[in-house]
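Written out below as structure tokens is the structure these notes cover.
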Amino acid sequence: MGNPKKGTAEYEAWILTPEYREYCKKFSRNNSGDKNPFFGKRHSKKTRKKMSKSRIGKEPWNKGKKGCFSEETRKQMSVSQSKRPSPSKKTRKKMSDKRKGIKLSKETRMRMSVGRKNYIRIHPMSDETRNRISESKKEKGDWSGEKNPNFGNHDPLPEEHRRKISEAILGENNPNYKDGKSREPYPITFNPVLKRKIRSDYGHKCFFPGCDVTTESNGRDLDVHHYDYDKNSKNCVPLCRKHNGVVNGNRKEWEAYFEMKVSVFWAC
């Protein structure tokens, strides 16, 4: 009896079985290296473009499925990937040149940002990995300032280049642009009395996650931040100068975070 037809319920069940994995191993052995009929050949640019277009919109066969690969297979894949040589300088330049001029949409950038943050939250770095990174840095030693081999090697950007960068993020082109609201004046209610109350309510401590900066250690009064980015509201928290700048990016995410954090703070 032959293998189940692709796309059928029988095929979907078969690819999760040990028999399928054994079939894949056998197929790989019989078609690896010079046994492969395509060995030493390459698809033309036209063919590669056709193959790419044919895959657009199609979901990977193993999307959302678990148990497709055994623990042994996953280890073999990991080892195989780790042995792959890094791209050469010439290849990296080609890759870089190909990406030049491509602008990602705001929606795409936001999806990438959220996806990365979700991945880090779901897959936190293990203590073993942290220790390896720490030891690696210790072996390399202090690379700050003049000890860095690249210190002084970077020429400042030309005036024309800096002007283009500045113009590219002005006004509506800036990801934080909100219909010119940043130019609106603060209301009279946002005064020193309200600011002192906000700082006092939160114990004169920066409300940013993991930050222990206080008014005393800050050397100045903490900034008072509107976490809903509405100057007329009283939804504020104290932040140190550094983190008051950080929360100006990814505003929707920070707004949702502070709303949750403030509600938990006052519920305790």
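Going through the stretch 82-94 one residue at a time, which ones are loosely packed, with under 10 Cβ neighbours inside 10 Å and either closer than 20 Å to Ile15 by Cβ or at pLDDT 85 or above (or both)?
Within the stretch 82-94, Ser88, Lys89, Lys90 meet the criteria.
Out of all the residues in the stretch 19-43, which are touching a residue at least 12 places away in the same chain (Cβ under 8 Å) and of a type outside the set (Lys, Arg)? Talk me through it step by step, then tell me what you get.
First pass over the stretch 19-43, keeping only residues touching a residue at least 12 places away in the same chain (Cβ under 8 Å): 21, 23.
Residue satisfying the conditions is Tyr23 alone.
Looking at Glu107, Glu72, can you tell me which residue is within 30 Å of Ile15 (Cα to Cα) and part of a helix (DSSP H, G or I)? Break it down into steps so the answer makes sense when it comes.
Values: Glu107 fails: within 30 Å of Ile15 (Cα to Cα).
Criteria check complete, one pass: Glu72.
Looking at the stretch 1-51 only, could you name the residues that are part of a helix (DSSP H, G or I) and basic (Lys, Arg)?
Going through the stretch 1-51, the residues part of a helix (DSSP H, G or I) turn out to be 9-14, 18-30, 33-35, 45-51.
If the condition is that a residue be part of a helix (DSSP H, G or I) and basic (Lys, Arg), then Arg21, Lys25, Lys26, Arg29, Lys35, Lys45, Lys46, Arg48, Lys49, Lys50 are the ones that fit.
From the list Arg220, Arg183, Arg196, Arg251, which one is over 24 Å from the mean Cα position of the chain (by Cα) and surrounded by 13 or more Cβ atoms within 10 Å (Cβ to Cβ)?
Numbers: Arg220 fails: surrounded by 13 or more Cβ atoms within 10 Å (Cβ to Cβ); Arg183 fails: surrounded by 13 or more Cβ atoms within 10 Å (Cβ to Cβ); Arg251 fails: over 24 Å from the mean Cα position of the chain (by Cα).
Residue meeting the stated conditions: Arg196.
Answer with yes or no whether Arg130 is modelled with pLDDT of 75 or more and either surrounded by 10 or more Cβ atoms within 10 Å (Cβ to Cβ) or aromatic (Phe, Trp, Tyr) (or both).
In short, yes.
One line per residue, one yes/no per condition, for (1) in contact with a Pro (Cβ under 8 Å, 6 or more places away or on another chain); (2) over 21 Å from Met260 (Cα atoms); (3) not aromatic (Phe, Trp, Tyr):
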| residue | (1), (2), (3) |
| --- | --- |
| Thr189 | no, yes, yes |
| Arg196 | no, yes, yes |
| Gly203 | no, no, yes |
| Cys206 | yes, no, yes |
| Thr214 | no, yes, yes |
| Asp228 | no, no, yes |
| Asn232 | yes, no, yes |
| Asn235 | no, no, yes |
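Can you say whether Phe69 is surrounded by 10 or more Cβ atoms within 10 Å (Cβ to Cβ), of a type in the set (Phe, Trp, Tyr) and either farther than 20 Å from Gly7 by Cα or in contact with an Asp or Glu (Cβ under 6 Å, 6 or more places away or on another chain) (or both), as far as the supplied structure shows? So that I can check it myself, show each step before the final result.
On the way: surrounded by 10 or more Cβ atoms within 10 Å (Cβ to Cβ): yes; of a type in the set (Phe, Trp, Tyr): yes; either farther than 20 Å from Gly7 by Cα or in contact with an Asp or Glu (Cβ under 6 Å, 6 or more places away or on another chain) (or both): no.
Answer is no for this residue.
The values are calculated or read from the model by the stated rules, or taken from the named source; none is laboratory data. This one's a predicted model, so the numbers in the text were calculated from it and none came from an experiment. Glycine gets a Cβ as well: all are built from the backbone with ideal geometry, and neighbour counts include every protein chain shown.
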